[in-house]
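Just so it is clear, none of the values below were taken in a lab; they were calculated from the coordinates. All values reported here derive from a predicted model rather than from experimental measurement. Quick reminder, even Gly has a Cβ in these numbers, built from the backbone with ideal geometry, and neighbours come from all protein chains shown.
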Amino acid sequence: MSLIPHLINGELVTDNGRSADVFNPSTGQPIHKVPLASRETMQLAIDAAKAAFPAWRNTPPAKRAQVMFRFKQLLEQNEARISQLISEEHGKTLEDAAGELKRGIENVEFACAAPEILKGEYSRNVGPNIDAWSDFQPLGVVAGITPFNFPAMVPLWMYPLAIVCGNCFILKPSERDPSSTLLIAQLLLEAGLPKGVMNVVHGDKSAVDALIEAPEVKALSFVGSTPIAEYIYAEGTKRGKRVQALGGAKNHAVLMPDADLNNAVNALMGAAYGSCGERCMAISVAVCVGDQVADALVAKLVPQIKALKIGAGTNCGLDMGPLVTGQARDKVSGYVDDGVAAGATLVVDGRGLSVAGHEEGFFLGGCLFDNVTPEMRIYKEEIFGPVLCVVRVNSLEEAMQLINDHEYGNGTCIFTRDGEAARLFCDEIEVGMVGVNVPLPVPVAYHSFGGWKRSLFGDLHAYGPDGVRFYTRRKAITQRWPQRASHEASQFAFPSL
Ligand code: NAD
């Protein structure tokens, strides 16, 4: 089994310290080992990033953007290779892996606009012979800590923008599927990035703690589960760092009686079962307004769930692969047991699925619960698997109250033909990303991504305009060039026009 290296100061670095197994979830077998960096190894990356910063911050934004243009080309040329690596270690289908890469590339395209987005603001003659401007300056060394479920896209939310803004970056990817993340970072170096500007260090809690505690690291971007997001936000901000920490989710889709049900069912199938439900924007609750809608929805979903094509993600033409680890499969399966015990109606049971030729893989079939109620654990907690819960309510107001009372507020959507209902939903729902007849309302790269409530800790969302704000600090400069003949007297009152 090969040991995956770190990428520090432009070099692939082997590490003989602690390590963990990386599995192919379709076969259930370990295929690589990933090092779990010590504090000393992390410090090497921090030192490299710090050393690279003075030259990189002074590199013209247009030159930085040129690296991103070449990076985009390399990503596109290597799409098949990257998708294969994602699929091998994560388990998602090749088509899904290619889709996540495309959404990641959008962020590189946004970063190509560096000269435009970093232009700053200028005012001439704010006072006699005085001009003023605001500059967006980089922070220095910044770091990202990313989850397993989007090994390509989520890191690409972070470092292209951070780097193009003039920062140097350390990425701590998920230890469960690190190979595609590493390959992508190597392509960035191939695109012409100076050594030390981008570093990848694998690891677990101790590597993350080393980043939190290092005074050289000025900002942390985190995406993962809510308990870890909260921990990183608390520990990072306590040390004076900027932190944006995106956490878990429970995303509801509201189905109104006037919805185009066939479209809604097709949309829900992809949003609930795509990527085996391992998406932070996956729809895991369908809130049906009225029993008629619920009965019709369940009747249409059942045959489609039973017909899901499930197998090794690296085979083409499938709907769903396995879950990422045996532990994840057992956890999701445990939630299904819990829902049954709590009295929900298990309409489709995906437990115990065996895929021919892949009997040791971490597979679970699609599951559907009806008559789920708000006090059940399967409703309250994030399951992160192919399990959809149907909750029955009597009105849009009741549906919205349910969503607003939930601890998470990442994404939500409404299926309706009624503009008034849709408008009320968009105005009043306490969720960060909202879809109207759009099941996965993941914002494009020139908007920003982020949830509300316990789905995000911090003030600024990820990527897009908020990302630029997060990775830069403002400097307001007021400059006076007096005319030679004029000498102003001292002024002791607060300066004003
Ligand atoms: P996770 O929280 O287990 O891990 C995320 C990262 O944190 C990994 O790099 C991991 O190594 C590190 N980590 C784990 N334990 C740690 C600890 N005790 N201290 C410090 N660092 C630690 O999450 P995951 O299982 O990889 O990803 C799934 C979760 O991510 C789900 O909850 C999902 O909703 C969430 N997610 C959220 C978004 C979003 O945008 N809100 C996007 C993707 C995933």
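Given R0 = 45 Å, the distance between the Cβ atoms of T373 and D135 translates into a calculated FRET efficiency of 0.25.
Can you tell me what share of the DSSP beta bridges in the chain is antiparallel? A percent to the nearest 5 is fine.
Values: 31 of 73 bridges.
Taking every DSSP beta bridge with both residues in the chain, the antiparallel ones total about 40 percent.
Here the relative contact order of the range 110-195, from alpha carbon pairs under 8 Å that lie six or more residues apart, stands at 26 percent.
Checked against a 27 Å cut-off, the cross-linked pairs K205/K453; K92/K453; K50/K172; K205/K331; K300/K453 give Cα-Cα distances beyond that limit for K92/K453; K300/K453.
Under the shape rule built on the C-alpha gyration tensor, where the axes satisfy a ≥ b ≥ c, the range 1-142 is oblate, since a/c reaches at least 1.5 while a/b does not exceed b/c. Computed from phi, the 3J(HN,Hα) profile of the range 446-452 under the Karplus parametrisation 6.51, -1.76, 1.60 (θ = phi - 60°) reads 9, 10, 10, 10, x, x, 10 Hz, with x in place of Gly and Pro. Sorted ascending by nearby beta carbons within 10 Å, beginning with the fewest, C165, C276 become C165, C276.
Using Cα pairs under 8 angstrom and six or more residues apart, how large is the relative contact order of the chain, in percent? Before the final figure, lay out the partial values.
On the way: 1156 pairs, mean separation 92.2, N = 497.
It comes to 19 percent, rounded to a whole number.
Computed from phi, the 3J(HN,Hα) profile of the range 179-184 under the Karplus parametrisation 6.51, -1.76, 1.60 (θ = phi - 60°) reads 5, 5, 4, 5, 4, 4 Hz, with x in place of Gly and Pro.
Provide the gained length on full extension for the span R484 to V444, in nm with one decimal, where the gain is 0.36 nm per separating residue minus the Cα-Cα distance. Don't skip to the answer; put the middle values down first.
Working: separation 40, 0.36 × 40 = 14.40 nm, distance 5.21 nm.
Length gained between R484 and V444: 9.2 nm.
Here each label is just a point 7 Å from Cα along the line to Cβ, and for C316 and D21 those points are 3.2 nm apart.
Order these by the 10 Å Cβ neighbour count, fewest first: L182, L44, L297. Let's see the in-between values first.
On the way: L182 21, L44 17, L297 24.
Going from least to most buried by this count: L44, L182, L297.
Mean separation of Cα pairs under 8 Å and 6 or more residues apart, divided by the residue count, gives the range 381-497 a relative contact order of 19 percent.
Shape verdict for the range 40-109, please, from the Cα gyration tensor: rounded (a/c under 1.5), prolate (a/b greater than b/c) or oblate.
In terms of gyration-tensor shape, oblate.
Modelled this way, with points 7 Å down the Cα-to-C-beta line, the labels at S38 and Q491 are 6.1 nm from one another. Please give the FRET efficiency for E235 paired with A299, using the beta carbon to beta carbon distance and R0 = 41 Å, rounded to the nearest 0.05. Using R0 = 41 Å, I get an efficiency of 0.25. Put simply, the C-alpha atoms of the range 251-436 give a gyration tensor, and the ellipsoid matching it has half-axes of 28, 17, 15 Å, longest first. Along the axis of the charge dipole computed for the chain (Cβ charges of +1 for Lys and Arg, -1 for Asp and Glu, origin at the Cα centre), the listed residues S180, G10, F449 are led at the positive end by G10.
Take the Cα radius of gyration of the chain and divide it by 2.2 N^0.38 Å, with N its residue count; two decimals is plenty.
Details: Rg = 24.7 Å, N = 497, 2.2 N^0.38 = 23.3 Å.
Dividing the Cα radius of gyration by 2.2 N^0.38 Å gives 1.06.
Think of each Lys and Arg Cβ as +1 and each Asp and Glu Cβ as -1; about the Cα centre, that makes the dipole of the range 104-239 roughly 160 debye.
Computed from point charges on the beta carbon alone (+1 for Lys and Arg, -1 for Asp and Glu), the dipole magnitude for the chain about its Cα centre is near 1920 Debye. Charges on Cβ only, +1 for Lys and Arg, -1 for Asp and Glu, centred on the Cα centroid of the chain; of V336, S490, V217, which one is farthest towards the dipole's positive end? Positive-end residue among those listed: S490.
If you stretched the chain out fully between E381 and R473, how much longer would it get, using 0.36 nm times the residue separation minus the C-alpha to C-alpha distance? Show your work: numbers first, answer last.
Numbers: separation 92, 0.36 × 92 = 33.12 nm, distance 3.67 nm.
Stretched out fully, the E381 to R473 stretch lengthens by 29.4 nm.
Restricting to bridges with both residues inside the range 251-436, how much of the DSSP beta-bridge set is antiparallel, in percent to the nearest 5? Mind showing how you got there, number by number?
Working: 3 of 25 bridges.
Looking only at bridges with both residues in the range 251-436, the antiparallel portion is about 10 percent.
Sorting W133, W157, W56 by the number of Cβ atoms found within 10 Å of their own Cβ, with the fewest placed first, yields W133, W56, W157.
Can you work out the FRET efficiency for the pair A356 and Q77, with r the C-beta to C-beta distance and R0 = 51 Å, to the nearest 0.05?
Given R0 = 51 Å and the Cβ-Cβ separation, E is 0.90.
Placing +1 on each Lys and Arg Cβ and -1 on each Asp and Glu Cβ, with no other charges, gives the range 251-436 a dipole about its Cα centre of roughly 640 debye.
Relative intensity of the range 393-458 on a log10 scale, I(q)/I(0) at q = 0.23 Å⁻¹, equals -1.03, per a Debye sum over C-alpha point scatterers of equal strength in the absence of solvent. Listed values for the range 201-214 are Karplus-derived 3J(HN,Hα) couplings in whole Hz (6.51 cos²θ - 1.76 cosθ + 1.60, θ = phi - 60°), namely 10, 7, x, 10, 4, 5, 5, 5, 4, 4, 5, 4, 7, 6, and x replaces Gly and Pro.
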